[in-house]
Structure formats: structure tokens, C-alpha cells
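The values are calculated or read from the model by the stated rules, or taken from the named source; none is laboratory data. Source: prediction; values computed, not measured. Glycine gets a Cβ as well: all are built from the backbone with ideal geometry, and neighbour counts include every protein chain shown. Only protein heavy atoms, including side chains, enter the accessible area calculation; ligands, DNA and RNA are left aside. Shrake-Rupley method; radii C 1.70, N 1.55, O 1.52, S 1.80 Å.
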Amino acid sequence: MTSLLKNDLLLRALLCEPTPRRPIWLMRQAGRYLPEYRATRAKAGSFMALCTNPDLACEVTLQPIDRFPLDAAILFSDILTIPHAMDVGLEFEAGEGPKIARPVRSAADIDKLKIPDPGHELRYVIDAVALIRRELDGRVPLIGFAGSPWTVGTYMVEGGGSKTFGHIKRMMYESPALLHRLLGVLVRCTIAYLNAQIAAGAQAVMLFDTWGGVLTPAQYEEFSLRYMQQVIEALTRDADGRRVPRIVFTKGGGAWLAKIAAIGCDAVGVDWTTDLKTARAAVGGRVALQGNLDPSALFAPPDTLRSETLRVLESYGEGPGHVFNLGHGITPDVDPQRVAVLVETVRNYVIG
Ligand code: CP3
């Protein structure tokens with residue numbers, strides 16, 4: 001596992017160390033916009049079958065790396081592997097997103113949850129991490145990830161995706177202690193899970209807080225940020241003789257970037273609703289920033305896509321500490337050739 005890393009731009013930029021150009025990777029870079037992904041998924045039979053098969057998870061993790069000169073690979077998996085391992089009856093129905101057969105809404109439901117052992121119920125993820133590290137052979141670093149306790153909790157309490165978050169918000173107002181109990185359980189699972197990913201070879205880790213932005217500022221601190229801080233504080237700091245940078249991304253968290261930067265993470269993800277210049281002023285150089293091209297810019301004609309990409313690069317300004325990414329995941333209807341244009345534009349931009 002101590003193979004030499006040929007391209008460590010991501011790890012350096014995440015720690016605000018100087019790099020000759022800005023690294024780029026893309027949220028959901030392995031996914032349905034790639035025909036080779038669709039073929040492997042068809043071979044697997046279902047999304048969960050793909051996630052639980054380390055050989056196939058490794059194959060799809062490498063697909064975007066083989067196609068584009070990206071600066072990082074991200075483990076192919078999902079934030080819902082933890083609830084899946086807790087036996088809440090997770091299924092992905094084609095075109096409908098995740099569904100949870102046994103939502104968690106009472107103290108009895110929480111007490112019934114199995115605490116997954118990463119080396120057992122989540123072994124397939126840990127095996128995938130080790131295999132991907134081996135197959136990458138030091139080409140680029142591997143990012144491991146988990147959902148934030150709050151975001152994973154929304155799926156568990158709602159029983160799937162939601163627009164209003166009615167069940168979990170009702171719980172938050174009616175019985176906050178119950179929600180704190182669930183989040184406490186999720187913190188323990190997430191720490192064990194991410195530390196197992198690091199031990200197996202993940203060289204950076206990211207917390208996806210996709211739904212933190214639906215909270216009020218006070219609720220965000222109490223029910224999302226505080227739990228992410230507990231996770232961050234308990235993560236293994238070094239592996240393979242190098243720091244393992246930690247990225248925290250709250251979608252819709254533009255107003256709270258300074259607070260996020262203060263929890264001990266190395267980098268903060270920024271969605272497309274906040275200008276990077278504003279974001280940089282907010283975090284005051286304490287952390288690196290990751291983002292934040294509007295994912296829909298990938299629908300633009302190439303010239304417009306190039307100028308939108310340059311706008312993001314320039315809005316960060318001079319100096320180290322920027323990892324280029326989208327403000328959220330690539331959507332399935334994107335033309336892979338546009339992704340090639342984006343990656344080329346970022347690679348050709350010499351750092352100011
Ligand atoms: O970035 C990557 O390339 C790594 C893979 C990755 C997936 N999910 C694969 C996936 C990552 C990092 C995730 C995280 C994830 N999963 C999040 C947080 C990030 C985000 O996008 O906000 C969330 C909220 C989920 C939960 C989830 N998984 C939903 C709501 C869905 C259905 C919606 C959809 O896009 O279809 C999934 C399924 C999923 N996870 C797919 C992929 C490629 C599509 C499944 C398929 O192939 O049919």
C-alpha cells in the first residue's frame with residue numbers, strides 16, 4: 001500500500017500547500033452519464049448489487065479516471081450503506097431513489113438498530129477500498145466518504161428521499177432527545193466506518209451533508225454541525241506517513257462556511273450559490289475550498305462552459321487551497337464530452 005503517489009495535487013491543495021495547477025475531481029464522477037457505468041450496472045443487475053461487489057465497485061470507480069485526466073478517484077459506494085447494514089430494509093427502485101422499508105421513528109426503532117461492524121456487514125466497502133488502492137497503483141489519491149449523521153438520519157426517519165422532511169422535523173421539534181439519540185448512534189457508526197476506510201487505503205475523506213441546508217442556523221449547529229465535528233475529531237489523522245485531509249460539504253451551507261471551517265476539517269465544500277471569493281473571505285484562509293461550478297453549466301455549449309469554468313477559477317483568486325469541483329453531483333443527462341472540456345479547461349489554467 002505504500003506505492004508512490006504519482007499525482008498528489010489533491011492532497012496538497014486540501015492542506016493549502018502550493019500546487020503548480022489546481023486539482024479537479026467531480027462529485028458523482030462515476031455514474032449514469034457514462035455509458036460504461038450503465039453497462040457495468042446492467043451487468044450487476046442493480047445499484048446495490050454494484051455497490052456490494054468489490055470488483056465491480058472498483059471497475060466503476062476507475063472508469064472516469066481512465067476516461068478523463070482527473071486528479072482523484074472517489075470510492076464508488078453510497079451514503080446509505082450504513083442504514084443498509086443496520087437492517088432497515090433499504091432498496092433502490094429504478095428511477096425512484098432510495099426507499100427504506102422500516103423507517104426509524106421511535107425509541108424502540110432506534111434500540112433495534114444493529115450497529116454495523118465495518119469489518120463484517122460493511123466488509124464489501126472496505127474490500128473495495130483496498131482493491132481500488134491496489135488498482136490505482138498511485139495514479140491519483142483515493143477519496144473515501146460517508147454521509148453526515150443528519151443527512152443519513154433524514155433517509156432513515158423519512159423512509160427515503162423527501163421534499164419537506166416532515167417526519168424528521170416533527171421529531172426534532174416534538175422529541176429532540178430522540179433525534180439526538182439516533183444521531184449519536186450514527187456518529188459512532190460513521191467514525192468506525194471512515195476509520196476502516198482510512199485503514200484500508202482511503203487517502204482523504206469527505207462528509208456529504210446534502211440536507212444540512214434545510215435547517216435553521218441554530219438547528220444546523222445543534223443537529224448537523226455538532227455531529228460532524230464529533231466525526232472529524234475522531235478520525236485517524238495520518239496514514240501511510242501522510243495527513244489524511246477531511247472535507248466537509250453542506251449543500252446550502254453558504255451562510256455557515258466560517259462555522260464549518262472551525263470544526264477541525266481541512267477543506268470545506270461550497271455549492272454554486274456562493275461565490276468562491278465570498279466563501280474565501282468567510283473562512284479566512286483557515287481551510288481549503290472545494291467547488292463550485294453549477295452542475296448545469298455542463299449543459300452549456302463548450303465556449304460558455306469554458307467561460308463559466310474560468311469564472312470559478314478566477315473567483316477563488318490567487319494562492320493555494322482550491323480544489324475544483326462542481327457545486328453538487330453530475331446529473332445523468334450530461335454529455336461526457338462536456339466533462340472532457342471542463343477538465344481540460346481546469347488543467348490548462350496555470351495557478352495565479
Ligand atoms: O461521487 C461518486 O462518483 C461516488 C459515488 C456516490 C454515489 N452516491 C453513487 C450513486 C456518492 C459519493 C454518493 C453519495 C450520496 N448518495 C449522497 C450524497 C451526495 C449527494 O449527491 O448529495 C446522497 C444524498 C446519496 C443517496 C442516494 N443515492 C440517492 C438519493 C440516490 C438516488 C438518486 C439518483 O441519483 O439516482 C442514490 C443512488 C446513487 N448513488 C446512484 C449513484 C451513481 C445512482 C444509482 C443508479 O445507478 O441507478
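Using the 1.4 Å probe convention, the accessible area of the range 9-348 works out to 38 Å² per residue with neighbouring protein chains retained. Protein heavy-atom surface of the range 204-262, 1.4 angstrom probe: 50% of the accessible area is carbon and sulfur, with nucleic acids and ligands not counted. An oblate overall shape is assigned to the range 79-130, the ratio a/c of its alpha-carbon gyration tensor axes (a ≥ b ≥ c) being 1.5 or greater and a/b not exceeding b/c.
Accessible area per residue was computed with a 1.4 Å probe on protein heavy atoms; R67 scores about 100 Å².
Entry note, the chain: the mean residue ellipticity at 222 nm calculated from DSSP H runs of n ≥ 4, each adding -39500 (n - 2.57), is -13000 deg cm²/dmol after division by the residues and rounding to the nearest 500. Within the same chain, aspartates and glutamates fewer than 8 places from K114 are excluded, and of the rest, those with a Cα less than 18 Å from its Cα are D87, E91.
With a cut-off of 12 Å between beta carbons, the residues surrounding L289 carry a summed charge of +1, where Lys and Arg count +1 and Asp and Glu -1.
Annotation note: GluC sites (Glu not before Pro) in the range 234-324 located in DSSP loop regions with a Cβ neighbour count of at most 12 within 10 Å are E318. Legend: distances between Cα atoms for K169/K251; K112/K259; K6/K251; K43/K251; K43/K163; K99/K277; pairs beyond 27 Å are K112/K259; K6/K251; K43/K251; K43/K163; K99/K277. Charge tally for K6 (other residues, Cβ to Cβ under 12 Å; Lys, Arg +1; Asp, Glu -1): -2. What net charge is computed for the residues neighbouring K277, neighbours being all others with C-beta under 14 Å from the C-beta of K277, Lys and Arg scored +1, Asp and Glu -1? Cβ neighbours under 14 Å give a net charge of -1.
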